[in-house]
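What follows is calculated from the coordinates using simple rules that are stated; it is not laboratory data. Computed from a prediction, not measured in an experiment: that's the story for all the values here. Counting neighbours? That spans all protein chains shown, and the Cβs are built from the backbone with ideal geometry, glycine included.
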C-alpha cells in the first residue's frame, strides 16, 4: 500500500533524535514532503553503524533541504539553540520531540545517575522542546504544531522498566497539559505512542534473537502479529503534523499493532 503524500513545502521541521531509528525515518519523510528539516541529535549518525549516511545528508541527496545541529536535549539551552537555528529558515512550523534513551533494569539495579539521565532526556527534553518551539511560534505569531514521541509505556507498565515507563507517562501528560495551555494560541500538541518497533537498536531485535525464536515471544501481545517499523510511526507523526489533523490536539495516537487493547 502506498504511503499518504503530505505537503510541507515552505515549512521547517525540527526532529530531535533524528539521526537513527524512528527519528531518522520521521526526518526523512518530512524532507520527502518538502519541509526543510533540522536534525537535532548528539551525533550525526548512529555510532554503531559506520556505513549509515547522516540523516541530513541523505535528505539532501534525495533533493531536500536539511541541516544537522549537535544537540543534547537534556540541556534546555541546546534545545533553544536548535530553535534559533530553525529561524534561519523562517522559524519552527513543526517540532518533533523524539529523542529518548532507554536504560533497562529492575528498580533495585538502576543507579541514581541512570535514573536522572533517563528523566533528563526523556522528560526534560520533551518539556523544554515544547516550550522552546511554542515560544518561537508565539514570537512570530505563526502557530504550528508539536508532535512528541511517547510510547505504549505511557499506559502499560512492564517489568524492569519503571524508570522508562515513568518518563513516557510524563510525556503523555506533558502532551495533554501543553495542548490545553497552548490551545488558546492555536498551537496543536499531540503524541505518537509506538509499541514494539523493529529498529536497529531495539532490544531483542537482533539476528541472535531471531535464531533463538525470541522475536516470537516479543510478538505474543500484538494482535496484528508483527513488529512495527519506523515507517509506521513516521506516517502517524506526519498525519498529526498535517492539516488533516487540524482539529486534533492533546491526542496520544498508538502505533502498536493493537497491543494496548489486550
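Test of understanding: what is the full-extension gain from residue 246 to residue 157, defined as 0.36 nm times their sequence separation minus their Cα-Cα distance?
Contour length minus the Cα-Cα distance gives 28.9 nm.
Could you work out [θ]222 nm for the chain from helices alone, using -39500 (n - 2.57) per DSSP H run of at least four and dividing by all its residues? Round to the nearest 500 deg cm²/dmol.
Values: 9 runs with 98 residues, N = 262.
The helix contribution divided over the chain gives -11500 deg cm²/dmol.
If neighbour count is taken as other Cβ atoms inside 10 Å, put 166, 19, 154 in order from fewest to most. Walk me through the numbers on the way to the answer.
Values: 166 16, 19 26, 154 21.
By the 10 Å Cβ count, ascending: 166, 154, 19.
In a Debye calculation with equal point scatterers on the alpha-carbon sites of the range 23-77 and no solvent, what is log10 I(q)/I(0) at q = 0.14, 0.24, 0.31 Å⁻¹? So the normalised log intensities are -0.35, -0.91, -1.23.
Semi-axis lengths, largest first, of the ellipsoid equivalent to the range 17-134 are 26, 18, 10 Å, with √(5λ) applied to each eigenvalue of the Cα gyration tensor.
So how do 229-235, 177-183 stack up, highest first, on mean other-Cβ count within 10 Å? Kindly include the intermediate steps, with their values, before the conclusion.
On the way: 229-235: 20.6, 177-183: 16.7.
Sorting 229-235, 177-183 by mean packing, highest first, produces 229-235, 177-183.
Relative to the longest principal axis of the Cα atoms of the chain, the long axis of helix 162-182 makes an angle of roughly 30 degrees. On a 0 to 90 degree scale, rounded to 10, what angle separates helix 125-139 from the longest Cα axis of the chain? Taking the Cα atoms of the chain, the angle to 125-139 is about 10 degrees.
With neighbour counts taken as other beta-carbon atoms within 10 Å, the residues 70, 251 rank, fewest first, as 70, 251. In this simple spin-label model, placing a label point 7 Å from the Cα along the Cα-to-Cβ direction at both residue 231 and residue 87 gives a separation of 3.9 nm.
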